[in-house]
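The values are calculated or read from the model by the stated rules, or taken from the named source; none is laboratory data. Bear in mind the structure is a predicted one, so any value in this text is a computation, not a measurement. Quick reminder, even Gly has a Cβ in these numbers, built from the backbone with ideal geometry, and neighbours come from all protein chains shown. Heads up: the accessible areas ignore ligands, DNA and RNA and are worked out on the full protein's heavy atoms, side chains in. Shrake-Rupley method; radii C 1.70, N 1.55, O 1.52, S 1.80 Å.
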Amino acid sequence: MALFGDLEHHPLTDLARVLKPRSGTLYFHSAYRGRTLELTLIQGALRALYLDGFPVRESSRVHDILGELCAQGRGAFEFKPREFSAIISGFYKLPLLELLPASAETSVPEDQLPHPDTRFMPASTTAPVPPGLADTWAMIGPHLAAGASASDLARRVGRPEREVQETLHRLRAVSLIAPLRAGSVLPQAAGAVGSVASPVPAAPPLAPAPPLAPAPLVQRLLGALRRFSGLASA
């Protein structure tokens, strides 16, 4: 019996558990960067993976592809049961469930999640984006430029708040984002209405007092005044 669904409602780790005793082909028609993935499974073990019909032989690349699907957490899938020959060679024999990232298999503990109202912004360092978080970063990153919290992002990207909290936790763990400390002012918020008031500019220094008149001039004026007074009294 064929199975249909979407990773948004059936995480890849849950799907791998369901398919553990089964054999067949698992299809993702456009979930991975708009490309077609075909996974050949024999009793839950991955024997071959095809990308747009071409085989992916390197197990490291298989890890990256499945990790990205887990981190993305959405995309339609279809599983068609099929009995394969016992002599099928394949490229590897890897238990599908063990290929998936441990972080995707278990949710983040409640006490490690950021508060829904804690605002985050991109970190000042230029940390590389892990392949498994590339699509998530492309979706959330632009909304963090001016600072955003999990509750803000949940409304903007249409995802559950708990899911966004877990995403922020993982992005922070790889140094892509940092919390916006209380009292911080973003550069683009400078001068905006409602922003923190700019400090009052310091008063300009007082102009220096004019220099006193030279002493000889003062003395001449006083002498002229005494002479004038003497003439007047005479």
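For this structure, a couple of remarks:
- Test: residue in the range 51-59 that is of a type in the set (S, T, N, Q), touching a Leu at 6+ places or on another chain (Cβ under 8 Å), open to solvent by 20 Å² or more (accessible area, probe 1.4 Å) and in a helix (DSSP H, G or I): yes
- Within the range 14-57, if we keep just the residues that are under 16 Å from residue 77 (Cα atoms) and of a type in the set (Val, Ile, Thr), the residue that is nearest to the chain's Cα centre (by Cα) turns out to be 36.
- Within the range 28-50, the set of residues being open to solvent by 50 Å² or more (accessible area, probe 1.4 Å) and of a type in the set (Phe, Trp, Tyr) comprises just one member, 50.
- Taken over the range 11-27, the criterion of being open to solvent by 70 Å² or more (accessible area, probe 1.4 Å) and either touching a residue at least 12 places away in the same chain (Cβ under 8 Å) or more than 17 Å from residue 44 (Cβ to Cβ) (or both) is satisfied by 17, 18, 20, 21, 22.
- Hits in the range 66-88 - residues which are assigned to a loop (DSSP other than H, G, I, E, B), open to solvent by 50 Å² or more (accessible area, probe 1.4 Å) and over 21 Å from residue 98 (Cα atoms): 82, 83, 85, 86, 87, 88
- Any hit, the range 34-54, residues being without any contact (Cβ under 8 Å) to a residue 12 or more places away in the chain and more than 28 Å from residue 165 (Cα to Cα): yes
- Verdict on residue 10 being of a type outside the set (A, V, I, L, M, F, W, C) and not in a helix (DSSP H, G or I): yes
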